[in-house]
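Written below as structure tokens is the structure these notes are about.
The values are calculated or read from the model by the stated rules, or taken from the named source; none is laboratory data. The model shown is predicted, which means the values in this text are computed figures rather than measured ones. As a convention, Cβ positions derive from the backbone with ideal geometry for all residues, glycine included, and neighbour counts pool all protein chains shown. For the accessible areas, the whole protein counts, side chains as well, though only heavy atoms, and no ligand, DNA or RNA atoms are used. Shrake-Rupley method; radii C 1.70, N 1.55, O 1.52, S 1.80 Å.
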Amino acid sequence: MIDLYTAATPNGFKISIALEEMGLEYRVHRLDFSNNEQKQPEFLAINPNGRIPAIIDRDNDDFVVFESGAILLYLAEKTGKLLPADPKKRSQVIQWLMFQMSGVGPMMGQANVFYRYFPEKIPAAIDRYQKEGRRLFEVMNTQLATHRYLAGEEYTIADIATWPWVRIHEWSGINMAGLPHLQRWLDELALRPACQKGIVTPPPVEMSDEERAKQIQKMVTK
Ligand SMILES: N[C@@H](CCC(=O)N[C@@H](CS)C(=O)NCC(=O)O)C(=O)O
């Protein structure tokens, strides 16, 4: 049994999708950001960084893993799924996983902060993160022109890490026009039952876009 500490966000969805794909049994613990639960001592004991996602593997001496990329690697190694054993293919998956963790996630995260949540609208900051997001989308589009999935011909944890972010491109204000290969990949993954289940695990909290923006605004400006 895996205990999953999460919230309805792209980084959290990476892990619910992976757990669904791998057929692992898991319990969902949703952290309430409006009550700052992710920064309370009980959760900081699990993830000192005070962010979701994190897991505890009850079948491996209560081993704790935080950072979504590290969790994906841990689960892939535990199950032998979604990460090839061949060293070169494995390296290719890790390269695209790192590309997501250091590029797509942080750039789109900052695009969301400055475009949606930050009280002052700073055009240079919005432009910088949206342009960098678009550039990364173009890199993926080129890769997907000659490969079915990000790391080659196999669906892997690199796709799982990236899909929950690319699917919210509109919210981040990143233009998808003229990227047919990235669009094809986005649509193909949307048909996978594990992706469909993963992006509603946990389900979104009922609130208007305006309320959500206000709540996150509080988090990003404190
Ligand atoms: N690099 C981390 C990023 C985690 C992250 O930023 N999580 C966000 C939700 S997507 C969070 O917990 N935010 C709450 C906060 O910043 O207090 C990972 O990939 O696990």
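Being touching a Lys or Arg at 6+ places or on another chain (Cβ under 6 Å) and either among the aromatic types (Phe, Trp, Tyr) or surrounded by fewer than 18 Cβ atoms within 10 Å (Cβ to Cβ) (or both) holds for only one residue in PRO202, PRO180, and it is PRO202. If you go through the range 39-70 and keep only what is within 18 Å of the chain's Cα centre (by Cα), open to solvent by less than 10 Å² (accessible area, probe 1.4 Å) and either within 10 Å of the ligand (Cβ to nearest atom) or of a type in the set (Asp, Glu) (or both), you end up with ASN47, GLY50, PRO53, ALA54, SER68, GLY69. Picking from residues in the range 5-38 that are more than 11 Å from the ligand (Cβ to nearest atom) and of a type in the set (Val, Ile, Thr), the one that is most open to solvent (accessible area, probe 1.4 Å) is VAL28. Scanning the range 73-90 for residues being free of Cβ contacts under 8 Å to residues at least 24 places away in the same chain and either open to solvent by less than 50 Å² (accessible area, probe 1.4 Å) or among the acidic types (Asp, Glu) (or both) gives a total of 3.
Candidates are the residues of the range 92-124 that are part of a helix (DSSP H, G or I), over 21 Å from LEU182 (Cα atoms) and without any contact (Cβ under 8 Å) to a residue 12 or more places away in the chain; the one that is most open to solvent (accessible area, probe 1.4 Å) is PRO123. Selection of the range 209-222 for residues being open to solvent by 50 Å² or more (accessible area, probe 1.4 Å) and of a type outside the set (Val, Ile, Thr) yields ASP209, GLU210, GLU211, ARG212, LYS214, GLN217, LYS218, MET219, LYS222. Identify all residues within the range 129-148 that are open to solvent by less than 10 Å² (accessible area, probe 1.4 Å) and of a type outside the set (A, V, I, L, M, F, W, C); write none if there are none. Correct list: GLY133 only. Of all the numbered requirements in (1) more than 15 Å from the ligand (Cβ to nearest atom); (2) surrounded by fewer than 19 Cβ atoms within 10 Å (Cβ to Cβ); (3) closer than 27 Å to ALA151 by Cβ, ILE2 misses one, and that requirement is (2). Listed by first and then second residue, the pairs with beta-carbon distance under 6 Å, at least 6 apart or on different chains, first residue in the range 197-222 and under 30 Å from MET22 (Cα atoms), second open to solvent by 50 Å² or more (accessible area, probe 1.4 Å), are LYS197/GLU20; GLY198/GLU20; PRO202/VAL28; PRO202/ARG30.
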